[in-house]
1. Within the bounds of the range 253-265, is there any residue that is more than 15 Å from ligand 2 (Cβ to nearest atom), under 16 Å from residue 333 (Cα atoms) and touching a Lys or Arg at 6+ places or on another chain (Cβ under 6 Å)?
2. Among the listed residues 244, 249, which satisfies the condition of being away from ligand 1 (no atom under 13 Å from the Cβ) and in contact with a Leu (Cβ under 9 Å, 6 or more places away or on another chain)?
3. So is residue 96 more than 25 Å from residue 234 (Cβ to Cβ), touching an Asp or Glu at 6+ places or on another chain (Cβ under 8 Å) and among the β-branched types (Val, Ile, Thr) or not?
4. Identify, from the list 260, 268, 282, 273, the residue that is within 16 Å of ligand 1 (Cβ to nearest atom), over 39 Å from the mean Cα position of the chain (by Cα), of a type outside the set (Lys, Arg) and surrounded by 13 or more Cβ atoms within 10 Å (Cβ to Cβ).
5. Among the residues of the range 302-322, which ones are more than 8 Å from ligand 1 (Cβ to nearest atom) and either closer than 23 Å to residue 229 by Cα or modelled with pLDDT under 95 (or both)?
6. Report, ordered by the first and then the second residue, all pairs with beta carbons closer than 9 Å, sequence separation of six or more or different chains, a first member in the range 314-325 that is over 11 Å from residue 51 (Cα atoms) and free of Cβ contacts under 8 Å to residues at least 12 places away in the same chain, and a second member that is more than 8 Å from ligand 1 (Cβ to nearest atom) and outside any helix (DSSP H, G or I).
7. I'd like the full set of residues that are more than 20 Å from the chain's Cα centre (by Cα) and not in a helix (DSSP H, G or I), limited to the range 162-198.
8. Output the qualifying pairs, or none if there are none: Cβ atoms under 9 angstrom, residues six or more apart or on different chains, first residue in the range 289-301 and at positive phi, second residue near ligand 1 (Cβ under 10 Å from one of its atoms).
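The values are calculated or read from the model by the stated rules, or taken from the named source; none is laboratory data. Nothing here was measured: the structure is a model prediction, and the numbers come from that model. A quick note on method: Cβ atoms are made from the backbone with ideal geometry, for glycine too, and the neighbour counts reach across all protein chains shown. For accessibility, only protein heavy atoms count, side chains too; no ligands or nucleic acids. Shrake-Rupley method; radii C 1.70, N 1.55, O 1.52, S 1.80 Å.
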Amino acid sequence: METTEPSPRKVIPIVPFESGGAIEPPPGADAEMVSLYEAHQKIYPRSVTGRFSNWRWGMVFLTQLVFYGMPWIEWGQRQAVLFDLGARRFYIFGLVLYPQDFIYLTGILVISALSLFLFTAVAGRLWCGYACPQTVYTEIFLWLEKKTEGDRSARMRRDAGPWNRDKILRKSLKHFLWVAVALWTGFTFVGYFTPITELASEFVQMQMGSWEIFWSLFYGFATYGNAGFMREQVCKHMCPYARFQSAMFDKDTLIVTYDAERGEPRGARSKKADLSTLKVGACVDCSLCVQVCPTGIDIRKGLQYECIGCGACADVCDTVMDKMGYARGLVKYSTQNAVNQHWTQSQTLRHILRPRVLIYTAILGAVVLSMVVSLALRTPFKVDVVRDRGVLARVVEGGRIENVYRLQIMNATEQVQRFSISVDGLPGLVIASDADVQIDATQSRWVAVRIQAPFEVASAGSHSIHFSIRGPATLGQVSEKSVFIVPR
Ligand code: SF4
Ligand code: SF4
């Protein structure tokens, strides 16, 4: 029988500008123009219940309870957690931090980064799937969407259908609720920087400041846009962590995996069908794992960078396996080595505790311990010494040499404190101004200090001296270096 070979077709991609546009097809070839740009397809994630979904909702409640609730907690006469940028004070329960305590912020960032490395090495994108604000707010917004517009199929039908009263009402209600949550989120965010009770009364009296309005709206708008519209696109295209997290994965990292050996060949069958005669795997090809996926991928194609490790596909596949009477775990958290080598759960867990994980844990433990010790031993006041640039050195009454300094004393306690200043480093060095200073609670003050020394105290030039600032017995003492100039 004679067969007709199809004429060769060339797919001509639209190529970058430097190439001068489309490539010329070879003579005689049938050409088809294909754009490399793919329009965004809206994803309608189906709702899902199960173990991992419960964990995620648990994290939604926990993180939002902390975020929305924390600014309302009082500590003494003030807000427990307040980052007062205007006054340059950061209050975290009993701690009062100054910008000079920047080292603690660095420590928190280092701890966060190390924790991320550790959790990623152990269980992949645990943060993305359960605690990232993008995931958490998308989950809340999706829940509101489901309550107002129904689940996946109803939403798809409505979006494809004409605008009618029902559609307008449901969509309006959805956006009203989204905006309400977004604005409340923006307001709460600003409440970490401005006392939230004051902010609330300013809001009621419509007297909020312009910056407070701006940041409430900006943060609210970002929440509305990211959780309502951008959703998986933030994870796929904007989040830097999604780009480098694969560098922290190895074959012993827990990831959401499809057991292809067990699942393939996939295919529909009746519940009563005998798998051995049908010669099919456990996957019934229901596509539910794709429908529940918030990033719209098919986990059966293997690990993809879009996967945020949320476990929704594992949850829904377990319900399918239950209905079919098959063992759960066709899609599950496992490691590549465990799947390839058919390890048991305990073997898998043993391999998770590998040197890399132990090293991350040890470093993280050391940094956390140093932070705790450093905070516990921290002197609750700070001192900066600056030489008065207007008066380098001068000879005063009685032939003594005088240098003038400015000391900034920062009281990081919540009580008024008295401090006494002393100086040493040269024979006969005395303080000619007031050596006792009172500083109000959580305030700082610049104090001018005149230091005098006998005329023949030392050769001309600069000489090291030390200021000691002593608080009450419970506060301890701070020493700061400076120089004393002896003129020629
Ligand atoms: S949910 Fe499970 S059974 Fe259904 S298509 Fe996905 S892997 Fe196959
Ligand atoms: S593939 Fe599964 S685990 Fe990954 S994002 Fe989709 S639903 Fe979540």
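1. There is no residue in the range 253-265 that is more than 15 Å from ligand 2 (Cβ to nearest atom), under 16 Å from residue 333 (Cα atoms) and touching a Lys or Arg at 6+ places or on another chain (Cβ under 6 Å).
2. 249
3. Yes, satisfied.
4. Result: 273 is the single residue among 260, 268, 282, 273 that is within 16 Å of ligand 1 (Cβ to nearest atom), over 39 Å from the mean Cα position of the chain (by Cα), of a type outside the set (Lys, Arg) and surrounded by 13 or more Cβ atoms within 10 Å (Cβ to Cβ).
5. Result: 302, 303, 304, 305, 306, 307, 308, 309, 310, 311, 312.
6. As it stands, the answer is 322/328, since those pairs meet every condition given.
7. 162, 163, 164, 194, 195
8. 296/290
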